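A short write-up of the structure that comes next.
The values are calculated or read from the model by the stated rules, or taken from the named source; none is laboratory data. In this text the structure is predicted, and so the values were computed from the model without any measurement. Don't worry about glycine lacking a Cβ; one is built from the backbone with ideal geometry, like all the others, and counts go over all protein chains shown. Ligands, DNA and RNA are excluded from the accessible area calculation, which covers all protein heavy atoms including side chains. Shrake-Rupley method; radii C 1.70, N 1.55, O 1.52, S 1.80 Å.
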Amino acid sequence: MAATAGIIANPASGKDIRRLVAHASVFDTQEKISIVRRVVLGLAATGVERVLFMPDSAQIVQQAVDCLDLDLEIAPVDGAYTATTADTVMAAAAMAAQGVGVIVCLGGDGTNRALAMGTSDVPVVPISTGTNNVFPIMMEGTIAGLAAGALACGAVDPETVAQRCKWIEVVVDGGRREVALIDAVLMNGRFVGSRAIWELDDIREVVLTRAQPDVLGMAAVGGMVMSVRPQDDFGLHLVLGQGEDLVRAPIAPGLVAGLLVARAQQLPLGASVQVAGPALVALDGEREFSLGPGQAASLTVARSGPPVVDVGRCLDAARDAGFLRRPV
C-alpha cells in the first residue's frame, strides 16, 4: 500500500467568542493555508506518496497545494460534508478506513475531540490553531510533516513514539455516548447557546485528564491545585462553587479569574464520577448537550484515546534508523 498520510484542518478553529470576552488571537485562513503547505512539503520530503484531506468551506488544503509541483497524490476523502463538527468525525473515520498511517490535525481541543470520535487508532500529530489549547501544541508545520512522513513511510514503529492518550468517556441515561480529551464540565443551565465556555459562575463539577498550571482553561484551574500530566494514569475531579479555597487561574488568553474549589481528588483510570441534571455538559471547552431533571451520566477517565505522536522522539528514532540519510 502507498505510504499515506491524512490532513484535517478546521476552518473555524481560533475564531470563537473568546475573541470578544478575552484577548485571544485569531488564526486566520491564510495562516492555516501556510501551515498546511509546510506540512505537505515535509511529507513530500519523506517520500509519502498519497495525502488524503478533509474538504472544507475555505478550501484550506486545496489553496495550500495549488502553487506546489509535487510528485504525490493529494485527494479529498469522500463524504456528505455539512460544515459542522460532524465533518471532522466523518473525515477521520474515512481516513482510517483507507489506511492512513498518521493524521496531521490543525485545530484546538474540540477539533481533536471530533477526530478521536472518528478514529482512536490512527496516530495523530496535533498542531494548535485554536483558543484554549491543551491537547494540540504549537509546532512548525515542516517538522510536523517530517515526523508524520516518517510514520506513514514505516520508518518508525508508532508504538515506540506515540502513546495512547487519556480521554473521558461520558455515558448518559438513555444510551448517549460521548468523549472528551481534556475536560468534561457540568454547568448550570438548560440551553447550549454560544458553545464556548466563558460564564465561570455556572460551573459545578469538572473531570480532567490533565491539570497543568502552564496551560489555559479548566485544566489550568486543576493545575493550580495539583498537576496531572499526560503520562499519569489518573485524572482529576473538581467540585466548584463553595468552599474556602479560591483558585486563580488563566481561563482564556489574557483572562485570569478566580473560582472556589470545594473538593479536588485524583480519579484513577476506570473510576467514574456520577452526575445528574438539570445541567449542561461541556466537553473540551464547548457546550455539547443538556441533562434533563433527574437524568444521570457517568464520566470515566480511560487511556483509550488516539495515539499522540511525540514529534521529537519520532524524529530521533527516524534519524537512528537512517531515515532521510544516504551515503554520497
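What to note about this one:
- Total residues in segment 306-322, condition surrounded by fewer than 17 Cβ atoms within 10 Å (Cβ to Cβ) and of a type in the set (A, V, I, L, M, F, W, C): 1
- On the stretch given as segment 112-148, residues that are of a type in the set (Ser, Thr, Tyr) and crowded, with 22+ Cβ neighbours inside 10 Å total 3.
- Evaluation of residue 266 against (1) in contact with a helix residue (DSSP H, G or I) (Cβ under 9 Å, 6 or more places away or on another chain); (2) modelled with pLDDT of 95 or more (one fails), failing number: (1)
- Search result, residues across segment 202-225 that are under 11 Å from residue 261 (Cβ atoms) and part of a loop (DSSP other than H, G, I, E, B): 224, 225
- Segments classed as helices (runs of 4 or more DSSP H), wholly inside segment 10-95, with at least 2 members that are β-branched (Val, Ile, Thr), open to solvent by less than 10 Å² (accessible area, probe 1.4 Å) and at pLDDT 90 or above: 29-46, 60-65
- For segment 97-110, the set of residues classified as surrounded by fewer than 18 Cβ atoms within 10 Å (Cβ to Cβ) and aliphatic (A, V, I, L, M) consists of 97 only.
- Some residue of segment 269-276 being open to solvent by less than 50 Å² (accessible area, probe 1.4 Å), more than 30 Å from residue 47 (Cα to Cα), of a type outside the set (Lys, Arg) and out of contact with any Ser or Thr (no Cβ under 9 Å at 6 or more places or on another chain): yes
- If the condition is being part of a strand (DSSP E or B) and without any contact (Cβ under 8 Å) to a residue 60 or more places away in the chain, then segment 133-166 contributes only 137.
- Of all residues in segment 221-231, those being farther than 13 Å from residue 134 by Cα and within 18 Å of the chain's Cα centre (by Cα) number 1.
- Condition check for residue 303: out of contact with any His (no Cβ under 7 Å at 6 or more places or on another chain) and loosely packed, with under 14 Cβ neighbours inside 10 Å: no
- Annotation: of all residues in segment 228-243 being surrounded by fewer than 14 Cβ atoms within 10 Å (Cβ to Cβ) and in contact with a Leu (Cβ under 8 Å, 6 or more places away or on another chain), the one that is nearest to residue 181 (Cα to Cα) is 233.
- Complete set of residues in segment 167-188 that are part of a loop (DSSP other than H, G, I, E, B) and either open to solvent by 10 Å² or more (accessible area, probe 1.4 Å) or over 14 Å from residue 113 (Cα atoms) (or both): 173, 174, 175, 176, 188
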